[in-house]
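Take a look at the structure below.
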Amino acid sequence: MTTVNKNPALDGMYWDNTNKVPDKNNGALTQADFFALLTQQLAFQDPTKPVENDQMIAQMTNFTMADGISQLNKNFSGLAESMTSNQALQASSLVGRSVLTKSDQIVFTGDTLARGTIELDKPATMLRVMIENEKGELIQSFSVENPNVGRNTFIWDGSYLPSGESSADEIDGELAERVRAGTYKLKVEASYSDGTTASLPANVYTPVGSVSMNSNGKGILLNLLGLGPVKLGDVLEVSYS
């Protein structure tokens, strides 16, 4: 495209923009730009007042620092990518194993026991676990025996209350009633020795189905069966199964 100036004083003159060099660095100054500026400064300095040595050294030092920081940023970027790849490789070894995470849901696979833990911060007389279906209906309720301050474990074998929906599985030749495999809501209530009660969070063991490298800066994600993705940093413990 050719731009023609309409000013009569500039008749016959024009500027051709077709050969404009594209800006590839988005206006950022490079080391070559710094040295070009330095060269121009030396070329056009006042011979009667040349640049002092200390000023020259200071400018050279600034140029060197700018280049060093740029190289350092590139090295850190490569290191971050390498660490992410190593984390993904290590996390892939968790596929098929169970990890402990905080959750208000518990997964019953139909093949293995559903397990979890509850942390007590003070003495309690009763610790009750309640499991509900997706409609919020209670399908099982049981107490943790001899609750202690600290970690308390519980196991659910998939059994249900008489009103619950189930499927029949044959175990060791006997017909055992079990809920269908799936994800169920989990609630925990504690009755403390001082007469107070409280609802407590629970941690559950859930199998890892796959590992994902998140592209939104969230790092490695473990895709848990029935619960969805969780951050690798949110894992509290890795189980043998």
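The values are calculated or read from the model by the stated rules, or taken from the named source; none is laboratory data. It should be emphasised that the depicted structure is a prediction, and the values quoted were computed from it without experimental measurement. Cβ placement follows ideal geometry from the backbone for every residue including glycine, while neighbour counts extend to all protein chains displayed. Areas reflect the complete protein model, heavy atoms only, side chains present, ligands, DNA and RNA absent. Shrake-Rupley method; radii C 1.70, N 1.55, O 1.52, S 1.80 Å.
Residue pairs whose Cβ atoms lie under 6 Å apart, separated by 6 or more positions or on different chains, with the first residue in segment 152-173 and within 16 Å of K185 (Cβ to Cβ) and the second at pLDDT 70 or above and assigned to a loop (DSSP other than H, G, I, E, B), are F154/V144; G158/V179; Y160/V179.
In this structure, does S103 turn out to be at pLDDT 95 or above, surrounded by 18 or more Cβ atoms within 10 Å (Cβ to Cβ) and among the polar types (S, T, N, Q)? Criteria met by S103. Being modelled with pLDDT under 90 and out of contact with any helix residue (DSSP H, G or I) (no Cβ under 8 Å at 6 or more places or on another chain) is the filter here; which residues of segment 211-230 pass it? Scanning segment 211-230 gives S212, N214, S215, N216, G217, K218. Select from segment 145-164 the residues that are open to solvent by less than 50 Å² (accessible area, probe 1.4 Å) and under 33 Å from the mean Cα position of the chain (by Cα) and write down the one among them that is farthest from L200 (Cα to Cα). Out of the qualifying residues, it is G158. Tell me, yes or no, whether segment 85-94 has at least one residue that is modelled with pLDDT of 95 or more and open to solvent by 70 Å² or more (accessible area, probe 1.4 Å). Looking through segment 85-94, none of the residues is modelled with pLDDT of 95 or more and open to solvent by 70 Å² or more (accessible area, probe 1.4 Å).
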